[in-house]
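Q: Below are the structure tokens for one structure; questions will follow.
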Amino acid sequence: MFEIGSYVVKPGNGVCQIKDILHPAFSGTDTKRLYYLLIPLENKNSKLYVPTDTAQQTLRKNSVVNRGKKALPPTNAILSWLRTICILSLRLP
């Protein structure tokens, strides 16, 4: 079981922080089942609910962030950096 505050990787959503472990009370969920409340780092306005009993199949621990190191920069930052490197390399003699 993952702990509140730890970071996990969810395919399709990237790195997420576990904000809570709860029994959500909205339609379509089993109120007796525990869920992780995940907040994606790239979209902090989103909320994802993943059942704790199936989380080991869909989530994996993000050891880079959990060790206190910074996460990789957002995809747009990486692309911008690559574009800059390509432009600079074209200017070389």
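Q: Quick one: ranking S46, S27 by accessible area, 1.4 Å probe, largest first, what do you get? Kindly include the intermediate steps, with their values, before the conclusion.
A: Working: S46 35, S27 115 Å².
Reading off the accessible areas and sorting them downward yields S27, S46.
Q: Need the list of aspartates and glutamates near K61 for cross-linking: C-alpha distance under 15 angstrom, and skip anything on the same chain fewer than eight residues off.
A: Straight-line reach from K61, under 15 Å: E3.
Q: Let me ask something else. Under a plain spin-label model, where a point goes 7 Å from the Cα along Cα-to-Cβ, how far apart in nm are K32 and K47?
A: 2.4
Q: Where only protein heavy atoms count, and the probe is 1.4 Å, what is the accessible area per residue for the range 1-43 in Å²?
A: 58
The values are calculated or read from the model by the stated rules, or taken from the named source; none is laboratory data. Here the structure is a predicted model, which means the values were calculated and not measured. Glycine gets a Cβ as well: all are built from the backbone with ideal geometry, and neighbour counts include every protein chain shown. Side chains included, ligands, DNA and RNA excluded: accessible areas come from the protein's heavy atoms. Shrake-Rupley method; radii C 1.70, N 1.55, O 1.52, S 1.80 Å.
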